[in-house]
Amino acid sequence: MEAYLDNAATTRVMDPVKEIVVRAMTEDYGNPSSKHKKGMDAEHYIKEARAIIARTLRVQDKEIVFTSGGTESNNMALIGGAFANQRAGKHIISTRIEHASVYQPLAFLESQGFEVTYLTVDSDGHIFLEELKQAIRPDTILVSVMYVNNEIGAVEPIGEIGRLIKEIDPGILFHVDGIQAYGKYEIRPKREGIDLLSVSGHKIHGPKGTGYLYINEKAKIRPLIYGGGQQKDMRSGTENVPGVAGLGAAAQEMYRDLSGHIEQMVRLKDHLIDRMGEIERAVVNSKKGLEGAPHIVSVSFQGVRSEVLLHALEERKIYVSSGSACSSNHPAISGTLKAVGIKREFLDSTLRFSLGMYNTQKELDYAIQVLKELLPMLRRYGGGPGGKRR
């Protein structure tokens, strides 16, 4: 049996996504900037995907800019937003639990003379609204807070954050990394005060290498890519028509019965958390029900290194993550786990289980069964092959 439980890293594409991608690649393969019929047919895919996505957010079509994924969207929002508004100030606010595609651009901006204030979080991963309020200054131009944390599934009070920012200074840009939230929540940028929203296609059963940035029509932002002037000069370069078409199809499917999808994932998540209670010295770092994201369960297994356990599970065809998939290129102890106060002995002993549309309870029960078999053996040998004795 196989259990793919790493959907926060990437997801299997849905059949409607696969079908439209293949069609756009093999039949309607024109350049969307060309003026002939083939070009117009290709352009239709882009217009349709943009309209679908705009409807899911209740925003205007023109406010959607397609990108190569969440990382580019975050970079475009932060760097483009900061440079476009630097005359008003050079102060930015973010949190200590952001994804690398946020904190690395912020580090770059710091090297360019910007100042960044990093907000602390409580043990559940939530920021303190009063701390945010106190951090806002006359020279604050941008606030960036993720909607759902990619490691533990903490959900930030985005609506409250947006209202607080806009009450203090409507001119401050509010950026939200919505990569783990889109397709799991009804996101309403206009109502929540969001000026910039980053989304990735492969987190919602769409193609890799696709994403978008919602840009409020009143927000001032500088492009990062210059050239042929595509997408109204916001992102030059020939559009990835098959990818964009697939992203639109994935968005449509995710929001066709969102409440049904969420109900199913929450039921599976809660079942997994309950069954983790059967495992000795296992500590769940995520919340049950709607208190946390519907698809992410972080668990610390005392006495065994996460990398050792991950590969032992892999041998039994169970696929999980030891943190953010993107961070595996630069392995280090998770900043998120440190920020929420996870005990020191658990920092290198934590795995993330994440669910998608195709998971079943049978897969979760199989994972629990295998964990019960593996953990006593791995702990006995001090963390397993290649592990350090405790």
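Values computed for the structure shown
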quantity	calculated
Flag for ALA100 being open to solvent by 20 Å² or more (accessible area, probe 1.4 Å), closer than 18 Å to ASP195 by Cβ, touching a residue at least 60 places away in the same chain (Cβ under 8 Å) and among the aliphatic types (A, V, I, L, M)	no
Among residues of the stretch 8-48, those that are part of a helix (DSSP H, G or I) and over 20 Å from the mean Cα position of the chain (by Cα), counted	23
Pairs, first closer than 13 Å to TYR255 by Cα in the stretch 43-68, second aromatic (Phe, Trp, Tyr) and buried (at least 18 other Cβ atoms within 10 Å of the Cβ), C-beta under 7 Å, six or more apart	ILE53/TYR212; THR56/TYR255; LEU57/TYR214
Top-ranked residue of the stretch 250-281 - restricted to ones that are over 27 Å from LYS208 (Cβ atoms), in contact (Cβ under 8 Å) with a residue 40 or more places away in the chain and not basic (Lys, Arg), ranked as most open to solvent (accessible area, probe 1.4 Å)	GLU280
Hits in the stretch 231-249 - residues which are farther than 24 Å from VAL17 by Cβ and either open to solvent by 50 Å² or more (accessible area, probe 1.4 Å) or of a type in the set (Gly, Ala, Ser) (or both)	LYS232, ASP233, SER236
Residue tally, condition part of a helix (DSSP H, G or I) and closer than 18 Å to VAL199 by Cα, over the stretch 264-296	0
ARG96 vs. criteria of a type in the set (D, E, K, R) and over 12 Å from SER144 (Cα atoms)	no
Failed criterion for HIS261 (all others in (1) within 21 Å of THR360 (Cβ to Cβ); (2) at pLDDT 95 or above; (3) out of contact with any His (no Cβ under 6 Å at 6 or more places or on another chain); (4) part of a helix (DSSP H, G or I) hold)	(2)
Residues being surrounded by fewer than 21 Cβ atoms within 10 Å (Cβ to Cβ) and not in a helix (DSSP H, G or I) - total across the stretch 333-371	8
Qualifying positions in the stretch 34-46 - open to solvent by 60 Å² or more (accessible area, probe 1.4 Å) and either more than 15 Å from PRO242 (Cβ to Cβ) or touching a helix residue (DSSP H, G or I) at 6+ places or on another chain (Cβ under 6 Å) (or both)	LYS35, HIS36, LYS37, MET40
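The values are calculated or read from the model by the stated rules, or taken from the named source; none is laboratory data. Keep in mind that what you see is a predicted model, and the values were worked out from it rather than measured. Note that each Cβ is placed from the backbone with ideal geometry, even for glycine, and that neighbours are counted across all protein chains shown. The area values use the complete protein model at the heavy-atom level, side chains included, leaving out ligands, DNA and RNA. Shrake-Rupley method; radii C 1.70, N 1.55, O 1.52, S 1.80 Å.
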